[in-house]
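First comes the structure, then the notes that go with it.
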Amino acid sequence: MLYILDTADLEAIKHCNEFYPLAGVTTNPSIISKANTDFWKLVKEIRNIIGEDKMLHVQTTQKTAEKIVEEAKLLKKELKGDFYVKIPINEEGLKATMELKKLGIGVTMTAIFTPTQALIAAKAGASFVAPYVNRLDNIIGDGTEVVAQIVEQFDLYGMDCKVLAASFKNAEQVHKCSMVGCQSVTVTADILKNVISHPMTDAAIAGFDKDWKSVYGDKTILDF
Ligand code: E4P
């Protein structure tokens, strides 16, 4: 499982990059707009924080295949390292994906809501497809089931494309995706925190501390 952070909040990225086994960062135009700052300064700062070995996914703002390819080349040149251009699926997006595949620029095909969209995106050469789990759950579309079907189809047809499940609102959705063999998830810092949190864990840690202190006081192993 690859854990990716879905944000442009630099403090959250710094924190999660330090404390979690993070594989990279994803953004989209809504996330970037929320930061409301200079685009290049922001995405280059994200690259600086995570380094060139981790994945950075940035979405195109273009609508035609020609312009998407032009923008993808510029993004790759400026952001270097392990880079993927996110392209929403439609005819122009598929055409751009086929061209970018030839140029060796990774594509994450996004705004995926059905297994049929995912399979054809993989066939066009996308490295990742991003199905939107919570947006499907919101309309009783069963986001995890869509993820499961995409995973199954990719296995069935031996597609060289990973599922990057997106649009999560809770840790249970992340867990369900992990149980169907989804290769990667992109989540907020809050959800990442919820993935590792449990009140019983807090109680267990407090119990260990109390028992140790009752015999050794404030001494730690380093003090012996
Ligand atoms: C990431 O690739 C998606 O753009 C993002 O997860 C969508 O999330 P939302 O449904 O919370 O906007």
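The values are calculated or read from the model by the stated rules, or taken from the named source; none is laboratory data. As the structure is a prediction and not an experimental result, all values here were calculated from the model. For neighbour counting, all protein chains shown are included, and Cβ atoms are generated from backbone atoms with ideal geometry for every residue, glycine included. Only protein heavy atoms, including side chains, enter the accessible area calculation; ligands, DNA and RNA are left aside. Shrake-Rupley method; radii C 1.70, N 1.55, O 1.52, S 1.80 Å.
Things to note:
- Any hit, segment 131-146, residues being at pLDDT 95 or above, in contact with a helix residue (DSSP H, G or I) (Cβ under 9 Å, 6 or more places away or on another chain), small (Gly, Ala, Ser) and within 30 Å of Glu11 (Cβ to Cβ): yes
- Residue match in segment 80-99 (condition: within 15 Å of the ligand (Cβ to nearest atom), assigned to a helix (DSSP H, G or I), buried (at least 17 other Cβ atoms within 10 Å of the Cβ) and at pLDDT 95 or above): yes
- Selected residue (criterion: nearest to Glu91 (Cα to Cα)) from residues of segment 57-71 that are open to solvent by less than 10 Å² (accessible area, probe 1.4 Å) and assigned to a helix (DSSP H, G or I): Ala65
This table checks each residue for (1) within 11 Å of the ligand (Cβ to nearest atom); (2) farther than 11 Å from Leu79 by Cβ; (3) open to solvent by less than 70 Å² (accessible area, probe 1.4 Å).
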position	(1), (2), (3)
Asp9	no, yes, no
Glu18	no, yes, no
Ala35	no, yes, yes
Trp40	no, no, no
Lys54	no, yes, yes
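- Any chance Val25 is crowded, with 18+ Cβ neighbours inside 10 Å, over 26 Å from Asp190 (Cα atoms) and either more than 13 Å from the ligand (Cβ to nearest atom) or at pLDDT 95 or above (or both): no
- Test: residue in segment 164-171 that is under 16 Å from the mean Cα position of the chain (by Cα), in contact (Cβ under 8 Å) with a residue 12 or more places away in the chain and part of a helix (DSSP H, G or I): yes
- Consider segment 122-145 and keep the residues that are more than 14 Å from the ligand (Cβ to nearest atom), assigned to a helix (DSSP H, G or I) and in contact (Cβ under 8 Å) with a residue 12 or more places away in the chain. The one that is most open to solvent (accessible area, probe 1.4 Å) is Lys123.
- Answer from Leu5, Leu56, Leu10 - the residue that is in contact with a Gly (Cβ under 8 Å, 6 or more places away or on another chain) and under 25 Å from Ser197 (Cβ atoms): Leu5
- Cβ-Cβ under 9 Å pairs, at least 6 apart or on other chains, segment 70-93 side under 12 Å from Val58 (Cβ atoms) and free of Cβ contacts under 8 Å to residues at least 24 places away in the same chain, far side within 16 Å of the ligand (Cβ to nearest atom) and open to solvent by 80 Å² or more (accessible area, probe 1.4 Å): Glu71/Thr61
- Pairs linking a residue in segment 177-197 that is on the phi < 0 side of the Ramachandran plot and touching a residue at least 40 places away in the same chain (Cβ under 8 Å) to a residue that is open to solvent by 50 Å² or more (accessible area, probe 1.4 Å) and within 15 Å of the ligand (Cβ to nearest atom), with Cβ atoms under 6 Å and 6 or more positions apart or on different chains, are Gln183/Lys162; Ser184/Leu2; Ser184/Lys162.
- Applying the criterion of being without any contact (Cβ under 8 Å) to a residue 40 or more places away in the chain and crowded, with 19+ Cβ neighbours inside 10 Å to the residues of segment 107-116, the residue that is farthest from Met55 (Cα to Cα) is Pro115.
- Flag if Thr186 is outside any loop (DSSP other than H, G, I, E, B) and within 16 Å of the ligand (Cβ to nearest atom): yes
- Test: residue in segment 45-56 that is of a type in the set (S, T, N, Q) and part of a helix (DSSP H, G or I): yes
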